[in-house]
Amino acid sequence: MRLYPPGVPADLPADLLPVPEMFRQAVERWPARDALVFALRPGLERRWTYQELWDDVSHVAAGFHAAGLRKGDRLALYLPNCPEYVLSYYAALRLGLVVVQIAPLYIHLDLRTPLEDSRPKGIVTLDFLSHGLKEVLDSAARPLIFLGRLREDVPRWARPFVNRGLRRQKHNPSPATGLPYVPFARLRRTEGTVPEVPLDLAEDVAVLQYTGGTTGTPKGAMLTHGNLAANARQIRLWLTDYRDGEEVLLSMIPFFHVYGMTAALNAALLFGATLVTQPSAPTAELIFQYVRRYRPTIFPGVPTFYADLIHLPPAQQAELKGMRLCVSGSAPLPGAVARQFHAITGGIVVEGYGLSETSPVTHVNLLGDGARVGSVGLPVSSTWVKVVDPEDPSKGMPCGVDGEIAVKGPQVMKGYYQRPEETWACMADGWFLTGDLGHVDEEGFTYIVDRKKDLVLVGGFNVYPREV
């Protein structure tokens, strides 16, 4: 690709490693560097070096194994961003378990759907989330519950403040009565050898990422260890300004979202970043407080973050300088917002595109002046894109003409869990039909105009809701 940034290869190297091996290599390179900073609020924090995090993950993995979890078993993570999430995620992947991502924002009906579909053998959650969980679990086929306490993730002197804060938010900080559980703290103390589990990059599923997809019906996208490895490397190769062993990455996006999982938990391992995170819903004021305290150099976000940050008072805007590289995904980023944010911070906001079914990144725009405003960018290494007729995917569309975007690459899911018909409907010969409508210009830049399901036919012409 002649427009790729210098040093970015057209194809991925063949030496892809699964996330557990990426983690192991990071520990070998940066054992004493801070790997994780969990801050309930700025300054109220707990830190792990890469070596300490690896050791804690090993204890948790030994605990899961002692509890009877084996390769291929599904483990649901019903958690906000917190140490329990990070430890459970890495431990599960080391054991070859399948992580089932469940958003703690789900109401009871939404929570029931992924649980009934995936039938996890275990669930990791927190005390104040256990009450909603109890209401949807079938007592006759109840999985193992591993229960964390948010108060245990902060210094002892601060624990009363955690409970008060939860009560102010109308959360019950005590575990649900009548719900048997294993304290997560016990897992963190488990001694024992973690078995070496062979992982097949192409075949072994690492994550079930629930999504409405192109039909709106929640279903689990099966992301393999190879999908995760490829997408993390694709991001690392594209963002050539990353400095190994020097970056601080602030993740206000949730890990249960595929964007947060890949941009924070996976890709950060490849450049030895210090990952800073917190569990609350982000606001501009909250983001500002964390930026001022931890001085991140990398910030993955969504357009609303940037739109809100540019309206902070000038004195606060001045504190945002130093955020060298910001990434925007999940929705289109207005060009005016990106330009104003750059003027305030001096940092670059690069826009990307992807879907849950593609791990998620398929496209990233160019950095700086080379970016095409309104475009989601170029396909990343080893990724192909084509535009097809929305009514007949076997027919291609001419350059510059709108149609359905289809992508192909090593980050594309294996299929939908237990949904062969829906998998067949959106995948053919390795090509995934995204359900997004748009076009590709002569230089290879992709432009998204709308969702296929929102397209309406008026007088024989295609009309997109964005145009109305």
Note, segment 177-193: 3J(HN,Hα) by Karplus (6.51, -1.76, 1.60, θ = phi - 60°), whole Hz, Gly/Pro = x, goes 6, x, 10, x, 8, 9, x, 4, 4, 5, 4, 5, 9, 5, 9, x, 7
Out of VAL349, PRO398, GLY245 - ranked by how far each Cα lies towards the positive end of the dipole of the chain, with unit charges on the beta-carbon of charged residues - the top one is GLY245
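GluC sites (Glu not before Pro), restricted to segment 322-425: which are DSSP loop and have at most 10 other Cβ atoms within 10 Å? Can you show the working numbers first?
On the way: sites: GLU351, GLU357, GLU391, GLU404, GLU421, GLU422; in loops: GLU391.
Those that pass, being in a loop and sparsely packed, are GLU391.
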A convex hull over the alpha carbons of segment 19-463 yields, per residue, a volume in Å³ of 152 Å³
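Want the number for THR193 to ARG33: 0.36 nm per residue separation, take away the alpha-carbon distance, what's left? List each step's numbers first, then the result.
Values: separation 160, 0.36 × 160 = 57.60 nm, distance 2.45 nm.
Full-extension gain reported as 55.1 nm.
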For segment 409-424, Karplus-derived ³J(HN,Hα) couplings (6.51, -1.76, 1.60; θ = phi - 60°; whole Hz; x for glycine and proline) come out as x, x, 8, 6, 4, 6, x, 8, 4, 6, 10, x, 5, 6, 5, 4
Distance in nm between HIS131 and GLU246 label points, each 7 Å along Cα→Cβ, equals 4.9 nm
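Using the Cα atoms of segment 32-186 to build a convex hull, what is its mean projected area in square nanometres?
On the way: hull surface 36.9 nm².
Approximately 9.2 nm², given one-decimal rounding.
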Calculated from DSSP helices alone, with each H run of at least 4 adding -39500 (n - 2.57) and the total divided by the residues of the chain, [θ]222 nm to the nearest 500 comes to -8000 deg cm²/dmol
Once both label points are put 7 Å beyond Cα along the C-beta direction, the ALA428-LYS321 separation in nm becomes 5.5 nm
Across the chain, qualifying lysine pairs (alpha carbons under 18 Å, at least 8 places apart or different chains) come out at 11
In whole Hz, the Karplus estimates of ³J(HN,Hα) for segment 123-129 (6.51, -1.76, 1.60; θ = phi - 60°; x where Gly or Pro) are 9, 9, 8, 10, 3, 6, 8
Taking Cα atoms only, helix 50-66 is inclined relative to the longest principal axis of the chain by an angle, in degrees rounded to 10, of 70 degrees
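How big is the charge dipole of the chain about its Cα centre, in debye rounded to the nearest 20, if each Lys and Arg gets +1 on its Cβ and each Asp and Glu gets -1 on its Cβ? Show your work: numbers first, answer last.
On the way: 47 positive and 49 negative charges, 393 e Å.
Charge dipole of the chain: 1880 debye, to the nearest 20.
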Nearest-0.05 FRET efficiency for ALA343 and HIS311 at R0 = 22 Å, using Cβ-Cβ distance, is 0.95
Any residue on another chain or 5+ positions along whose placed amide H is under 5 Å from the amide H of ASP450 is listed here as LEU437
Sorted by chain and then number, the residues having a modelled amide H within less than 5 Å of the amide H of THR274, at least 5 places away or on another chain, are GLU247, VAL248, LEU249
Computed for segment 199-322: size of charge dipole around the Cα centre, +1 on C-beta of each Lys and Arg, -1 on C-beta of each Asp and Glu, debye to nearest 20, value 240 debye
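Would you calculate the convex hull of the Cα atoms in segment 324-446 and tell me its volume per residue in Å³?
108 Å³
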One finds the C-alpha centres of segment 260-334 and segment 79-103 to be spaced, in Å, by 22 Å
Two pseudo-spin positions, 7 Å from Cα along C-beta at ALA14 and at LEU286, lie apart in nanometres by 4.7 nm
For segment 149-302, the Cα gyration tensor yields equivalent-ellipsoid semi-axes (√(5λ), largest first, whole Å) of 29, 24, 19
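The numbers here are math on the coordinates, done by the rules we state, and not lab data. The structure displayed is predicted, hence computed values, not measured ones. Note that we place each Cβ from the backbone using ideal geometry, even for glycine, and neighbour counts take in every protein chain shown.
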